[in-house]
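The values are calculated or read from the model by the stated rules, or taken from the named source; none is laboratory data. Here the structure is a predicted model, which is why all the values come from computation and not from measurement. Ideal geometry is used to build each Cβ from the backbone, glycine not excepted, and the neighbour counts take in all protein chains shown. Side chains included, ligands, DNA and RNA excluded: accessible areas come from the protein's heavy atoms. Shrake-Rupley method; radii C 1.70, N 1.55, O 1.52, S 1.80 Å.
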Amino acid sequence: MSVFSHPDFDDHEAVHAFCDPSSGLKAFIAVHNTNRGPASGGTRFWTYANDTDALTDVLRLSRAMSYKNAMAQLDIGGGKAVVLRPEGEFDREALFAAYGRAIESIGGTYITAEDVGVSPADMAVIKTQTDYVAGLTDGENASGDPSPITADGVFRGIKVAASRAYGSTDLAGRHVAVQGLGHVGYALAEHLAAAGAILMVADINEAVLAKAESELDAIIVSPEKIHAADVDIFAPCALGGAVNADTLPEIKASIVAGAANNQLRSPDMADALKQRGILYAPDFVINAGGIINVAAEVSGHYDPAWVTGKLDQLEDSLAEVFDRAAAEDRTTADVAGEMARQRMAAIRQWR
């Protein structure tokens, strides 16, 4: 299958494939749209069943980044990268150094940060080979792991959704299922617990589950059943596709709002959620906190107050999505996508 005939190809400006046999690097960098500026988005380090799955992931994720950056009204475009985890033993530092050289070779078209499987330490290695990297712990504009900012944005978005579904932003006593307790998921769970929510959580990491049970009084649920928990809010915070033809009929929550990218396995899931009366917070709107933080670094003048202001705008944008969807009897995904495309086109015309 060629890239151009791939079902998830969406007029991407460029799709780069890199291979470095000495380090084991195999990676894709997808630049979806640069109307608003250089393509920016995280790098995912993951074990894929095959190259086609990796390509599918990078195409979908990069398109979502264009929408996310447009909805957050950032001066950056949309891009994403996936690095295929090698089989067996490998030198992690050598691999990410080779990846840094790959980023450098495309001359600033793409700026990276962390995503699933990648740490600030990996970013530091990439930084030795290229300046097109954010999410660093050292440097004049470094702000470290953007995960806490992503979690803050998702928490704010959940409150906006609660105001529409339940008439109040108060989460005290609300039952929330958090699927995935990585950097973002755990930070979100902390916000929710502090707000008085009753948590049900799932993850494959037994240690982090024990921590959530001890620190947050969370109830442990199996990863296979968390979507079906009897809760008010379902927060997917692991990998994409949490809402699909198999899981959707079992979802009991009135709200789906989480940090994961591409939560809907297919576009028709948005219609199915609407038909069931489940309010969906489009992921590329609600989880923009991390890229907002990255954009602050990329600007060269990191300002925490600017980041907070953008998180406030995130709430406003999500509220507008909900209001328009209700007024026009459309899905929230459809409305948010239309708004993002309009913002992408408008900035190109202005420039």
- prompt: Out of all the residues in the range 56-64, is one or more under 16 Å from the mean Cα position of the chain (by Cα) and basic (Lys, Arg)?
  reply: yes
- line: Taking the range 206-220 and the residues there that are surrounded by fewer than 12 Cβ atoms within 10 Å (Cβ to Cβ) and not aliphatic (A, V, I, L, M), the one that is nearest to ARG174 (Cα to Cα) would be ASP217
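Being open to solvent by less than 10 Å² (accessible area, probe 1.4 Å) and among the aliphatic types (A, V, I, L, M) is the filter here; which residues of the range 44-62 pass it?
ALA54, VAL58, LEU59, LEU61
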- prompt: Is it true that some residue in the range 299-309 is among the acidic types (Asp, Glu) and under 16 Å from ALA333 (Cα atoms)?
  reply: no
task: With respect to VAL231, determine if the residue is over 30 Å from VAL58 (Cβ atoms), assigned to a strand (DSSP E or B), open to solvent by less than 20 Å² (accessible area, probe 1.4 Å) and at pLDDT 95 or above.
output: no
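Take the residues in the range 10-24 that are in contact with a Ser or Thr (Cβ under 9 Å, 6 or more places away or on another chain) and assigned to a loop (DSSP other than H, G, I, E, B); name whichever of them is farthest from ASP53 (Cα to Cα).
GLU13
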query: Quick one: which of ASN262, ASN293 is under 22 Å from ALA39 (Cα atoms), polar (S, T, N, Q) and assigned to a loop (DSSP other than H, G, I, E, B)?
result: ASN262
field: Yes/no for LEU239 being among the aliphatic types (A, V, I, L, M), open to solvent by 40 Å² or more (accessible area, probe 1.4 Å), on the phi < 0 side of the Ramachandran plot and in contact (Cβ under 8 Å) with a residue 24 or more places away in the chain
entry: yes
- prompt: Would a scan of the range 154-177 turn up a residue that is closer than 12 Å to CYS237 by Cβ, open to solvent by less than 30 Å² (accessible area, probe 1.4 Å), assigned to a loop (DSSP other than H, G, I, E, B) and small (Gly, Ala, Ser)?
  reply: no
message: Condition first: closer than 24 Å to PRO282 by Cα, open to solvent by 60 Å² or more (accessible area, probe 1.4 Å) and touching a residue at least 12 places away in the same chain (Cβ under 8 Å). Can you find one or more residues in the range 63-86 that meet it?
response: yes
task: Name the one entry in LYS310, LYS274 that is among the charged types (D, E, K, R), in a helix (DSSP H, G or I) and open to solvent by less than 70 Å² (accessible area, probe 1.4 Å).
output: LYS310
field: Subset of the range 18-32 (residues that are over 15 Å from PHE45 (Cα atoms) and open to solvent by 30 Å² or more (accessible area, probe 1.4 Å))
entry: ASP20, PRO21, SER22
